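Structure, as C-alpha cells:
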Amino acid sequence: MNIDQESQDNLLSVNESGNNEAELLRESRILEHTHSFIVEYNFKTKQCYIDPAQRRHVYGDWQSDINNDRINYKKVVLRDDIPAIQAFFDFSDLKAGDSRSISARFYVEAHEYEWYRVSLVCYADAEGEKERVLITFTNAERELETVRKLKFLLAKDPLTHMPNLESFLQMTEKMICTHPDQSYAIIRMDIDKFRIINQMYGTKEGDNILRYIGVKIQEWAGPILETSTYCRISSDLFCICMPADAGDIQEIIDFIQTSLHAYPLKFDMVMSFGVYITCEEDRREQTCVSTLMDRAASAQRMVKNSYMNHVAYYDSVIRKKEIAEQIIISEMKKALETNQFQVYLQPKCQMDTGKIIGSEALVRWIHPSQGIISPSEFIPVFEKNGFISELDYYVLRATCQMIRKWLDDGKKVYPISVNVSRTDLYNPNLPEQIKACVAEFDVPHELIAFELTESAFISDNMQLYNLARLLQENHFHVMMDDFGSGYSSLNSLREIPVDVLKIDLKFLPPSSDDKRGNVILHSIVDMAKRLGLEVIVEGVETIEQVEFLLSIGCRNAQGFYFYRPMPVSEYERCLEEKPKEISVRRQEELNR
Ligand code: C2E
Ligand code: CA
Ligand code: CA
C-alpha cells in the first residue's frame, strides 16, 4: 500500500470514530471504486473493524473470526495459499512500524476465488507500544482490468475503436523513424456538411456513419497494417499515414468515397481529402507528425465544401498562401491602429439616368510596403480568426464619421451600405454596438444600410433572421448580399426580413446564348418585386448587361461598367459630375 502517513492516520481516525455515517459512506464508495477494502485490528481492545459495505468483497465472516483470534482460513483462502496467509496473519512477532505485503487467492463466492494483494502496517501508541494494525485488501484482478480499460481508452477512440489521435501520433512517429528513407502521405479527411447530416438524421445516425467509415478504413488498411497508421482525430475527421505511392493514395480515396456513396442514406455524402507528401526536407529535419497533419489540413481547406474537387495536395502555392496568411495575422492589429485600413466607396446608380443613389463601403488595406491589398486576400483570414468583427466595426465607424462630416458641411448625402460578415452573426452585442456607433455620430438611420449574406449552415440563419429583424426594427435598411450564390435560397426570402435583394451577376450571368439563365434572372426580379423588395444588381460590366437588365425592369446597379470602388475624395468628385444617361453611354459605345 502506498498510503502516506497522513492518509493512513486519517483512515484510522475515520474508522475509529465508527459512527460518522457520511464519512464511512464516502470512504466505502472510494474503496469500492478502487476494488480495495480495509480492515483495522486493535491489539489492546482486540476489536476489529471492517466496513460493513466492503465485507462482501471477500467471502466469510472476517469480523468475528479475527476478533476471536481464529480465522477460518479454509473458508476464505484457497488451500494452496493458506500457509503463506497464516504466516502473514501471525502478528506475534509484529513490531510497531513494521509493514509487509503478500498476494493470495481469496474466495469471492463459495467456489470462486480471485487474486488479492494484502498489505499491512503496524502502528504504535503514544508510548511506542504496538497498538493497531491496518490491513488493506486490493483485488489485483480488478485492478489489472481497470488498467487494461484505461489503456484501451487512452489508445482507442471509443466510438469507432480506431486508434485515437494520441496513439496515431506516437505510432506514426515510430513508423517514420523506423523507415527513415520512405516518403509518406498524410491523408486528412472529413465529411462535407456533417453537421447538417447530424441535424437531419440525428446524432445516432451520425455516429453510425462515423463507425462505418472507421470500418472501411480499417478494412482497407488491414492488409498493409505494418506500413500504415490511421485514426479518428475527432468528430468526423479521420487521418491516414501510408507510403506515398500515388496509385495507392488515389485507391484509398476512391474506396472511401465509393463506400460512402453506398451508405444507405438519402443524402449525397461527400468527403474532402487533403494530402501532404513528406519530402527530403521533412526527413532531414524530422518534421513532427502534427506539422505534417497541419499541412494536410491546409490542403483540405482548399476543397472543403467545393462542388467540383474533393482532393487537394499540399503544394508550393498553398505554402506561399500560408506564409502570406501568417504575415497578415502578424500585422493586422498594428495595421488597424495605424489606419492602414481605408474605406473605399463604390457608387450604386440608376442605370437609365446614370445618377448616383448611394454606395457600398469596401475596405482596402493600404500596406506601407506592399501597396493596396485586396479584401479577398485578408477578409477570409480575418473571418477565420475572428478579427473581422473589429474590422467591420472600424468600417462602420469610419462610414458614420464620413457621413457626419458631409452633413456638417451641408452636403447632400446618399446612403452607404456596410458589409456584415457571417462570423459577426455570432456576436450577440452587435445590434447594440451598431446602434451606439450610429448614435455617437448622430447619423440618421436611413443613411446606413447593412449587407448580410446568407449562411451555408441552416442553424446560422436563425442568427441572420434575428439580426435582420433587429436592424429593421431600428429603421436600418437590410440588404441580402450575393443573392444567387451557392448559399442563398429563394425559400429564405420568405423568412429573413430584408428590404433589398442584391443580385450578383457573377452568380447569375445573363447572356444572349443562355436563354434559361436569362429566364431565371427575369423571374427572380419579378418575384422580388412582387414581394415588395427593391432589387439592385451588382457586377454589371457591359452595356449589353445594362440593356438586358433595364429590359427586365431592373433599374439600379453597381458595377465596373459605371464605377469601380474608389477613395472617398474621388467619390466626392464623382457626385459633382453630371450623370451620364443611358442614351449618351449607348452613343459612346457606338463611337468606339
Ligand atoms: P461584396 O460585398 O460582394 O462586394 C462586391 C465586390 O465586387 C467588391 O470586391 C467589388 O469591387 C466587386 N465588384 C464590384 N463591381 C464589380 C464588377 O462589375 N465586376 C467584378 N468582377 N467585380 C465587381 P472587393 O472590394 O474586392 O470585395 C470583395 C469582398 O470582400 C466583398 O464582396 C465582401 O464580401 C468583402 N468585403 C469587402 N469589404 C468588406 C468589409 O468592410 N467587411 C466585410 N465583412 N467584408 C468586406
Ligand atoms: Ca457586399
Ligand atoms: Ca456582393
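In the context of the full set of protein chains, residues of the chain present 53 Å² of accessible surface per residue (probe radius 1.4 Å, heavy atoms only). Pairs of alpha-carbon atoms within less than 8 angstrom and 6+ residues apart define the contacts here; what relative contact order does region 156-314 have, in percent? Relative contact order here is 31 percent. Annotation: LYS95 carries an accessible surface of approximately 130 Å², with a 1.4 Å probe and no ligand, DNA or RNA atoms counted. As a fraction of the 1.4 Å probe accessible area of the chain, surface on carbon and sulfur atoms comes out at 52 percent.
Measuring between their Cα centroids, region 144-168 and region 180-250 lie 17 Å from each other. The accessible-area ordering, largest first, of the residues ILE366, ILE582 stands as ILE366, ILE582, per a 1.4 angstrom probe. Spacing of the modelled spin labels on SER511 and ASP352, each 7 Å from Cα toward Cβ, amounts to 2.9 nm. If you plug the beta carbon distance of CYS177 and ASP245 into 1/(1 + (r/R0)^6) with R0 = 25 Å, you get a FRET efficiency near 0.80.
Pop the C-beta distance of LYS384 and TYR201 into the FRET formula with R0 = 30 Å and round what comes out to the nearest 0.05. Once the sixth-power term is evaluated, E becomes 0.60. Only protein heavy atoms count here; on that basis, with a 1.4 Å probe, THR160 has an accessible area of about 10 Å². If you find the alpha carbon centre of region 257-287 and of region 466-525, how far apart are they in angstrom? Computed from Cα coordinates, the inter-centre distance equals 35 Å. A 1.4 Å probe over all protein chains sorts ARG585, ARG105 by accessible area into ARG105, ARG585, starting with the largest.
Note on LYS75: lysines with a C-alpha under 30 Å away, same-chain residues under 8 apart excluded, are LYS44, LYS46, LYS95, LYS130. Straight-line cross-link reach from LYS411 at under 20 Å between alpha-carbon atoms covers these lysines, not counting any fewer than eight positions away in the same chain: LYS348, LYS355, LYS578. Roughly speaking, what is the centre-to-centre gap between region 527-592 and region 85-118 when only Cα atoms are used, to the nearest Å? After rounding, the separation between the Cα centres reads 95 Å.
Could you sort TRP115, TRP406 by their accessible area in this structure, using a 1.4 Å probe and putting the largest first?
The residues order as TRP115, TRP406, largest area first.
In angstrom, the C-alpha Rg and Dmax of region 490-592 are 15.3, 48. Tell me, what is the FRET efficiency for CYS279 and SER235 to the nearest 0.05, using R0 = 35 angstrom and their Cβ-Cβ distance as r? In this case the efficiency is close to 0.75. For PHE560, the residues whose amide H sits under 5 Å from its own are GLY539, VAL540, ignoring neighbours fewer than 5 places away on the same chain, with H placed 1.01 Å from N.
In this simple spin-label model, placing a label point 7 Å from the Cα along the Cα-to-Cβ direction at both ILE323 and SER306 gives a separation of 2.2 nm. For the chain, the relative contact order works out to 8 percent when only alpha carbon pairs closer than 8 Å and six or more residues apart are counted. Under the convention that each Lys and Arg Cβ holds +1 and each Asp and Glu Cβ holds -1, the size of the dipole of the chain around its Cα centre is about 1180 debye.
For region 156-314, the Kirkwood estimate of hydrodynamic radius, built from reciprocal distances between every pair of different alpha carbons, is 15.8 Å.
Taking each pair of different alpha-carbon atoms in region 549-592 once, compute 1/r for the pair, average those values, and report the inverse of that mean as the Kirkwood hydrodynamic radius in Å to one decimal. Write down the numbers at each step before the final one.
On the way: mean 1/r = 0.0806 Å⁻¹.
Evaluated over region 549-592, this radius sits at 12.4 Å.
Within a straight-line Cα-Cα reach of under 27 Å, LYS149 can be paired with the following lysines, leaving aside sequence neighbours fewer than 8 residues apart in one chain: LYS174, LYS204, LYS216.
Restricting the calculation to alpha carbons of the chain gives Rg and Dmax of 37.2, 122 angstrom. With the whole protein complex present, PHE507 retains an accessible surface near 70 Å², based on a 1.4 Å probe.
The values are calculated or read from the model by the stated rules, or taken from the named source; none is laboratory data. Model, not experiment: these values are computed from the prediction. Here the Cβ is made from the backbone with ideal geometry for all residues, glycine too, and neighbour counts use every protein chain on show. Keep in mind that these areas ignore ligands, DNA and RNA; they rest on the heavy atoms of the full protein, side chains included. Shrake-Rupley method; radii C 1.70, N 1.55, O 1.52, S 1.80 Å.
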